[in-house]
Amino acid sequence: MMNEQSPAIPSDIATWVERVVRDDVRALSSYHVPPSAGMIKLDAMENPYGLPADVQAEIGAIVAQAAFNRYPDAEAHELKALLRETMAVPAGMDVLLGNGSDEIIQMLCQTCARPGAVMLGVEPSFVMFALVAKVCGLRFVGVPLTVDYQLDVDAVLAAMAEHQPALSFFAYPNNPTGNLFAAADLERILRASTGLVVIDEAYHPFAQASFMPRLPEFPNLLVMRTVSKLGLAGLRLGLIAGRPEWLAEFDKVRLPYNLNVLTQCVAKCMLGHHAVLDAQAARICEERGRLSTRLASIRGVQVHPSDANFILFKAARAADIFEALKRRRVLIKKLTGSHPALQDCLRVTVGTPDENDAFVRALNASMEEIGGRHA
Ligand SMILES: *Cc1c(COP(=O)(O)O)cnc(C)c1O
């Protein structure tokens, strides 16, 4: 009948949402991406360089001929083989691909989310670890880093003994702090853990350290990589390497066509031009040194050492500086206010030399404005 409504159906949509949607999901906030049109964008660890014209043309031709009418290769065989080679995955280890490493974090969480299961991480670190864990029903235990953002290895081991995490995540180098943790500390953690330990090497292109070659040593080690920070953030492609016994289980929760045709064909082409991306990463590392030195020379700015393509720095009134930079059309990341250990902290991605110069000029002007107005 037309206008008859069951009394079980709420009269207003807010009540309906409340009744249907999980309480813990309603309590979350969505991952916020700020608008950046027309700004110098130094907030998201993107590679600032474009591709040479010949590579662009090659990609154009490949994309034009791609079979969009077909489903993608569900196993991405060719891409996997190329990634294994490019990223030097040790023999005997398997590789699982994701729509960005974010999706891989999700697959691992879904696979390991037994009732009561725990994910362990450190704080501050990559916010997606805790966010995805919670959405998947894992309890997140965050162990504070030391004041200089190093691992408090005894605290991590104590938390592991207490909570027996199914999964532990360590970003190496860490985001948002930029530093590598001591490898010896991670080894102790790997040996003590009764669960899986994921070393997230998203910033590997800018760091001179990796656990990839050490996969055979630790049966519970997984090494995660992504092409995002290397210069292909828009493609959405991440991978995790480890024992086939683990990866076979994660593969069961992977949606069959998680890597689309475009991602697969463009990634394959770009891996053939890996030298282009490596050269860009080398320029970014050079610029990181130059930018760090310039930042450190500004009175009132404290720079944290970085092995990544971004720099964490501290300055009084960081929130005001962030807004003043925005008014000057420079977008960086405001960390202050997001975690007690990040008070007065800002994070800037290393851009091109011109972008970095513009940022330093804008920072000087912003600090002068704030100091002048409020001194
Ligand atoms: C940026 C980043 C990633 C990348 O995620 P994608 O989904 O692959 O783009 C992963 N881990 C850390 C620590 C990061 O900072």
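So the values come out like this:
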read-out: Convex hull projection area averaged over all views, segment 139-271, Cα basis, nm²; value: 9.1 nm²
read-out: Computed lengthening from V55 to A192, 0.36 nm per intervening residue step minus Cα-Cα distance; value: 44.7 nm
read-out: Summed side-chain charge close to P34 - residues other than P34 whose Cβ falls under 11 Å, Lys, Arg +1, Asp, Glu -1; value: +3
read-out: Within segment 186-244: Cβ-based charge dipole about Cα centre, in debye rounded to nearest 20 (Lys, Arg +1; Asp, Glu -1); value: 60 debye
read-out: N260/A27 FRET efficiency (R0 35 Å; Cβ-Cβ; nearest 0.05); value: 0.60
read-out: Rel. contact order, % - alpha carbon contacts under 8 angstrom, at least six apart, segment 242-375; value: 19 percent
read-out: Net +/- balance of residues flanking L157 in space, Cβ distance below 13 Å, scoring K and R +1, D and E -1; value: -3
read-out: Gain upon complete extension [E217, A64; 0.36 nm per residue less C-alpha separation]; value: 50.7 nm
read-out: Protection-proxy order for peptides 282-295, 50-63, each taking the mean of Cβ atoms within 10 Å per residue, highest first; value: 282-295, 50-63
read-out: Solitary cysteines of the chain, where the nearest other Cys Cβ is not under 4.7 Å; value: C112, C265, C269, C285, C345
read-out: Average Cα contact separation per residue, the chain, under 8 Å, 6 or more apart, as relative contact order %; value: 21 percent
read-out: Of the DSSP H helices in the chain, those whose Cα atoms cover at least 27 Å axially and whose Kyte score averages -1.0 or more; value: 274-296, 353-374
read-out: For I13, net neighbour charge (Lys/Arg +1, Asp/Glu -1) across residues whose Cβ lies under 15 Å away; value: 0
read-out: Gaussian network model of the chain, springs between alpha carbon atoms under 10 Å - residue of R70, R361, R84 with greatest fluctuation; value: R70
read-out: For segment 114-208: relative contact order, % (alpha-carbon pairs under 8 angstrom, 6 or more apart); value: 30 percent
read-out: Prolate/oblate/rounded label for the chain (Cα gyration tensor, a/c 1.5); value: rounded
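A short reminder: the numbers here are calculations on the coordinates, not readings from a lab. The model shown is predicted, which means the values in this text are computed figures rather than measured ones. We place every Cβ from the backbone using ideal geometry, glycine too, and count neighbours over all the protein chains shown.
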